[in-house]
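Notes follow the structure.
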C-alpha cells in the first residue's frame, strides 16, 4: 500500500484507478462518453477480473438514459433514493451524524476543503472513494499508511454493505455490475490492509 511521497508502484496506481472509477459512477450518472470508455473493460478469471468483465459487458449493452434513470432512482429519488450513499446513514441510520464529523476532521487534517459548489455532505461514498484514490496514487501528500487509516475509519465499517445494496437494488445491469465490482474490490482492500497490520 502507498507509503507516501515518491514514485507510486503499479499496484497502488491500479488501486487508485479502481477508486477513481467507483467514485465517478457513484458521483453522478455516467455520460455516454464514460459508458463508451468502459466498453473495452475486460478481466481474467479472478473475482476482480470477472467483475471488470461484467462491468465492460454492461457498459457495452447500456442505454445511457436507462442508466441515468437507475442512478436517479438509486441515489436521488423523489424525496430520497432507494439507497442513501452516506457513511452517517449506514452507520447510524441518520444523516449528518458522527461519521460526517469524523470525515470533516480528517479532511481538514489532510488539507482538503469542501467544494462550495457541492451540496453533498463529505461522507458521500463517491467523495470518500475519491479521497482514497488520491491517497493511493500519491496525488494527495500524506503520511505513510494514511490510505490504510482512512479506509479503516471511513469505508471498511459500511462500504461493503452499501455495494451489496447497490447490486441488489439496481434495475440495470450497469449498476448491478458497479455494486458487484465495488463489493469485490473493497473486500480485497480490506483483506490486503488486514495483512499489513
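State whether segment 33-92 is rounded, prolate or oblate according to the following rule on the C-alpha gyration tensor (a ≥ b ≥ c being the square roots of its eigenvalues): a/c under 1.5 gives rounded; otherwise a/b larger than b/c gives prolate, and the remaining case gives oblate. Present the calculation step by step, with values, prior to reporting the outcome.
Values: a/c = 3.61, a/b = 1.53, b/c = 2.37.
Here segment 33-92 falls in the oblate category.
Relative contact order (percent) for segment 10-196, with alpha-carbon contacts under 8 angstrom and 6 or more residues of separation? Value for segment 10-196: 28 percent.
Can you give the calculated 222 nm mean residue ellipticity of the chain, where each DSSP H run of n ≥ 4 adds -39,500 (n - 2.57) and the sum is split over every residue, rounded to the nearest 500 deg cm²/dmol? Provide the component values of the computation, followed by the final result.
Working: 10 runs with 122 residues, N = 197.
Computed mean residue ellipticity for the chain: -19500 deg cm²/dmol.
Between the entries (1) 0.95; (2) 0.98; (3) 1.06, the label attached to Rg/Rh (Cα atoms, Kirkwood Rh) calculated for this structure is (1).
Arranged from highest to lowest average of other beta-carbon atoms within 10 Å per residue, in what order do the peptides 170-183, 77-90, 13-26, 101-114 appear?
Numbers: 170-183: 23.0, 77-90: 17.8, 13-26: 20.4, 101-114: 14.5.
So the order, starting with the most tightly packed, is 170-183, 13-26, 77-90, 101-114.
For segment 97-175 and segment 60-81, what is the separation of their Cα centres, given in Å? Segment 97-175 and segment 60-81 have Cα centres spaced 21 Å from each other.
Across every pair of non-identical alpha carbons in segment 1-100, the mean reciprocal distance, once inverted, gives a Kirkwood radius of 15.8 Å.
Any read-out appearing in this document is the output of simple, stated calculations on the displayed coordinates, not a laboratory observation. Everything quoted here is computed from the prediction, not taken from an experiment. So basically every Cβ, Gly included, is an ideal-geometry build from the backbone, and we count neighbours across all protein chains shown.
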